[in-house]
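Enquirer: Please read through the structure below; I'll follow up with questions.
The values are calculated or read from the model by the stated rules, or taken from the named source; none is laboratory data. In this text, all values refer to a predicted model and were calculated from it rather than measured experimentally. Neighbour counts run over all protein chains shown; Cβ positions are idealised from the backbone, glycine included.
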Amino acid sequence: MEYPDENKDENRDRRITQLRKGILELAVMGVLFHERHYGYSLVRVLTESGSISIKEGTIYPILARLDRDGLVRSEWVESDQGPPRKYYTLTPLGRQAFNELSQEFDLLVSLAQRHWTEQSKSKLAVRKG
Amino acid sequence: MNEYPDAVAAIANDYLERVKAHLRLVPASEQEDFLREIQSHLYEAYDRTPGSDDVARILAVLRGFGAPAEVVSDRLPQAMVRSGTGRKLPLYIAGGLLVALFGLPLGAGGFGVLVGLLAALAGLLVAYYAVAGSLLLTGAITLMLGLTRLIAPEVWDKLVRIGVIHLDGPAQFLERLSASDEALIVMALGAMLLAGGWGLLKLGTNMIRGLRFLFNLVFDWMRRFAQEIRRRLRGTEPEKPALLVAKRA
């Protein structure tokens, strides 16, 4: 079935957004794995070094989810440059979860990038049969 | 350092109010903490956004920050219940069980008692006004008959003759009186009945005021009791949290 070009673009953008959203939680944990951050600094790291374009506010639902699941802990720290900042640190449980998720992610990436030869396809066909 | 120009503060406050509106089901302490965090982010983003137009800077920050609904999407109680980690969830379950086991039967009984009381009061009120109306009507008719006896005695006699007016029993003494005395006594009786009916009506107005006051008192007490229970279940404070964005003096 053929779709108009604009629909193709929309669908592509939607898929990219979904993919990024799915990976964003892992990326947040990855950044916090190395050092503590507050919301604004976390967004800066993610957008500047990772070339990820996100709405800045969407970082907070992720942080709330991680906090609720006990994967991060937070504390308010006074700042001489403005209002106090709420810093997030990965907990030991969060570090463990990040390691597990990273392995899973690597597996998925290798699966997505795998060169499917005719041989591997035929092996799958045999297994299914 | 935590200061915006007035126009910027108004825009930022409006945004925070919209975020807060989405958080109305979230406990107050959590609301305050989250709004404080958002405010901190917005301030820093604004401070680091280049440009000479303050309003354009804060609008650019808010555009990049996203819609309030997106920002609070995982802070809503529904999301907490779905994930099964809501801190107040056990309390809600316990409360639900208590209501199911005890509240409903007692509630149904209480509802029945309330309906019965209201019906009884309504009946009492109807009966009361029926008596007042009867007194007024009887008084008016009696007064008219007294006037008839005075102005048109032949009509009175005719009414006695055809049996509309019975002067039996205690009223027999009226036959021994002159027509004018008879008329005065009947009119006096009518006036007394009218006065009695009018008095009951006046008393009824005060009674309704009293009942209204009593109902308001009881319903107000029930409303405050329900609010207190809701507040305890949510673990919120009754005070409204203050706005977070400071304005430049």
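Enquirer: Could you list all residues from the range B:146-183 that are touching a Leu at 6+ places or on another chain (Cβ under 8 Å) and within 30 Å of residue B:204 (Cβ to Cβ)?
Expert: Correct list: B:146 only.
Enquirer: Are any of the residues in the range A:48-66 under 25 Å from residue B:68 (Cα atoms), more than 15 Å from the chain's Cα centre (by Cα) and in contact (Cβ under 8 Å) with a residue 40 or more places away in the chain?
Expert: no
Enquirer: Checking the condition at negative phi, modelled with pLDDT of 80 or more and either of a type in the set (A, V, I, L, M, F, W, C) or not in a helix (DSSP H, G or I) (or both), which residue from B:108, B:132 passes?
Expert: B:132
Enquirer: Given the options B:159, B:194, name the one that is surrounded by 13 or more Cβ atoms within 10 Å (Cβ to Cβ) and over 39 Å from the mean Cα position of the chain (by Cα).
Expert: B:159
Enquirer: Which residue pairs have Cβ atoms closer than 6 Å, lie 6 or more positions apart in sequence or on different chains, and pair a first residue in the range B:46-70 that is on the phi > 0 side of the Ramachandran plot with a second residue that is among the β-branched types (Val, Ile, Thr)?
Expert: Hits for this filter: B:66/A:58.
Enquirer: Related question: Condition (residue is at negative phi and outside any helix (DSSP H, G or I)) applied to the range B:139-155: is it met by at least one residue?
Expert: Yes, the range B:139-155 has at least one match.
Enquirer: Let me ask something else about it. Tally the residues that are touching a residue at least 24 places away in the same chain (Cβ under 8 Å), assigned to a helix (DSSP H, G or I) and surrounded by fewer than 19 Cβ atoms within 10 Å (Cβ to Cβ), restricting the search to the range B:23-40.
Expert: 5
Enquirer: Can residue B:205 be described as within 50 Å of the chain's Cα centre (by Cα) and touching a residue at least 12 places away in the same chain (Cβ under 8 Å)? Talk me through it step by step, then tell me what you get.
Expert: Working: within 50 Å of the chain's Cα centre (by Cα): yes; touching a residue at least 12 places away in the same chain (Cβ under 8 Å): no.
Answer is no for this residue.
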